[in-house]
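S.K.: My structure is below; once you've seen it, I'll send some questions.
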Amino acid sequence: MLFQASSLKERKEFYSKEFNLKKSLSFFENKPKYFAVDFGTETKIIKDKKMDNKLFYFGAKDLKKRLVNYLPEDVYYDRNIHKGKKFCMFCLKTKNYFKCKNFLGQELVFDVDADNIKCICKRLCERCIKKSIDNAFEIAGRLKFNKIKVVYSGKGSHVHVFDKKAYKLNVNERKKLAKKFSRYGIDKWVTEGRIRLVRLPYSLNGVVSRIVTPIEKKEKFKFKNTLPKFLK
Ligand SMILES: [Zn+2]
Ligand SMILES: [Zn+2]
């Protein structure tokens, strides 16, 4: 099955009929406070053209309604933990989260992008995605943390670390981890903590039309289980 962009009609079908918010939020021990969407920067398939090349942030209220309304290409959650009830403009503007006085920590994430893996395909195929998943499980196995989840992201895989002490890592410690695991094809900016947004599990990756799917056991992963209904 090809990895093609989803149309607005397909996104609408997905978010109104298939997306399960409860299931999505059950992925987390602590529910994210903020979310963000990209309307269609990569595919240029955009409901509201004014939103091209923009990330749009919002709180957790009415998340599903918003998704049905926005029909985004990508949906993200904010992995930063932050004091206060207001969305922090210092963090938004400077991206210097670790220097913000109200910043409390950040979930540690490794983003293994199939683009970073040598493959025979021109763009993306099941082979390089499989390899990215193997790499994610290898990273997970080598980390000295306990609460780790691996997720198929659409074009690769993510390793999420929910241990408290991982949230507390400083920038230098994260840089060391990014270096240590660089050979697995990770995006170092994500591990170093400069990107606060991570793809929301069980949302639709509209670039490739696949459901972002947590993987409990590597052996049990099946591509057909990541297909949205509109491709079945
Ligand atoms: Zn802040
Ligand atoms: Zn490939």
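S.K.: Using amide H atoms built in the peptide plane, which far-off residues or other-chain residues are under 5 Å from HIS82 H to H?
M.R.: Here LEU104 satisfy the definition.
S.K.: Taking the Cα centroid of the stretch 148-200 and of the stretch 54-93, what is the distance between the two, rounded to the nearest whole Å?
M.R.: So the two Cα centres are separated by 20 Å.
S.K.: For the ranges 16-25, 210-219, what's the packing order if you count other beta-carbon atoms within 10 Å of each residue, average per peptide, and put the highest first?
M.R.: Ranked from most to least packed, the peptides come out as 210-219, 16-25.
S.K.: Which number comes out as Rg/Rh for the stretch 46-107 once both Rg and the Kirkwood Rh are worked out on C-alpha atoms? Don't skip to the answer; put the middle values down first.
M.R.: Working: Rg = 13.6 Å, Rh = 13.5 Å.
Rg/Rh: 1.01.
S.K.: Follow-up. Give me a comma-separated list of calculated 3J(HN,Hα) values for the stretch 12-28, in order, Karplus coefficients 6.51, -1.76, 1.60 applied at θ = phi - 60°, integers in Hz, x for any Gly or Pro.
M.R.: 5, 4, 5, 6, 8, 10, 10, 4, 10, 4, 4, 4, 4, 6, 5, 5, 9
S.K.: Right, next: Have a look at LYS165, LYS144, LYS93 and tell me which one the Gaussian network model of the chain (Cα, springs below 10 Å) gives the largest fluctuation.
M.R.: LYS93
S.K.: Past 21 Å, Cα to Cα: identify those pairs from LYS83/LYS165; LYS31/LYS175; LYS50/LYS188; LYS9/LYS64; LYS9/LYS65, in the order given.
M.R.: Numbers: LYS83/LYS165 18 Å; LYS31/LYS175 26 Å; LYS50/LYS188 31 Å; LYS9/LYS64 16 Å; LYS9/LYS65 16 Å.
Over 21 Å apart, Cα to Cα: LYS31/LYS175; LYS50/LYS188.
S.K.: Let me ask another. For the stretch 100-195, with only Lys/Arg (+1) and Asp/Glu (-1) charged at the beta-carbon, what is the dipole magnitude about the Cα centre, in debye rounded to 20?
M.R.: On the way: 23 positive and 11 negative charges, 58 e Å.
That gives the stretch 100-195 a dipole magnitude of about 280 debye.
S.K.: Would you mind telling me which residue in LEU108, LEU143, LEU67 has the biggest mean-square fluctuation in a Gaussian network model of the chain, where springs connect alpha carbons within a distance under 10 angstrom?
M.R.: Of LEU108, LEU143, LEU67, the most mobile in the Gaussian network model is LEU143.
S.K.: Note down the Stokes-Einstein diffusion coefficient of the chain in µm²/s, whole number, using a Kirkwood radius over alpha carbon pairs, 25 °C, and 0.890 mPa s. Show your work: numbers first, answer last.
M.R.: Values: Rh = 18.1 Å.
Approximately 136 µm²/s, per Stokes-Einstein.
S.K.: Can you tell me the mean projection area, over all orientations, of the convex hull of the stretch 147-194's alpha carbons? Units nm², please. Don't skip to the answer; put the middle values down first.
M.R.: Details: hull surface 13.8 nm².
If you wrap the Cα atoms of the stretch 147-194 in a convex hull and average its projections, you get 3.4 nm².
S.K.: On each of the three principal axes of the Cα atoms of the stretch 107-232, give max minus min coordinate, whole Å, ordered largest first.
M.R.: Principal extents (Cα only, largest first): 44, 28, 26 Å.
S.K.: Using only Cα positions of the stretch 1-53, each an equal point scatterer, no hydration layer, compute I(q)/I(0) via Debye at q = 0.21, 0.22, 0.27 Å⁻¹ and quote the log10 values to two decimals.
M.R.: With one equal scatterer per Cα and no solvent, log10 I(q)/I(0) is -0.98, -1.01, -1.09.
S.K.: While we're looking at this one, here's another question. Which value in deg cm²/dmol, rounded to the nearest 500, describes the helix-derived mean residue ellipticity at 222 nm for the chain, given -39,500 (n - 2.57) per DSSP H run of n ≥ 4 and division by the residue count?
M.R.: Numbers: 8 runs with 61 residues, N = 232.
Per the formula, -7000 deg cm²/dmol.
S.K.: Something else now. Give the residue from LEU108, THR41, PHE56 lying farthest towards the positive end of the charge dipole for the chain; charges sit on Cβ (+1 for Lys and Arg, -1 for Asp and Glu) and the dipole is referred to the Cα centre.
M.R.: Most positive-ward Cα: LEU108.
S.K.: What Cys residues in the chain have no fellow cysteine's beta-carbon under 4.7 angstrom?
M.R.: CYS100
S.K.: Using the Karplus curve 6.51 cos²θ - 1.76 cosθ + 1.60 with θ = phi - 60°, work out ³J(HN,Hα) for each residue of the stretch 177-185 in order, rounded to whole Hz, and write x for Gly and Pro.
M.R.: 5, 4, 5, 4, 9, 4, 6, 8, x
Each value in this text was obtained by applying a stated rule to the coordinates, not by laboratory testing. This one's a predicted model, so the numbers in the text were calculated from it and none came from an experiment. Heads up, the Cβs are rebuilt from the backbone with ideal geometry, glycines too, and the neighbour counts pull from every protein chain shown.
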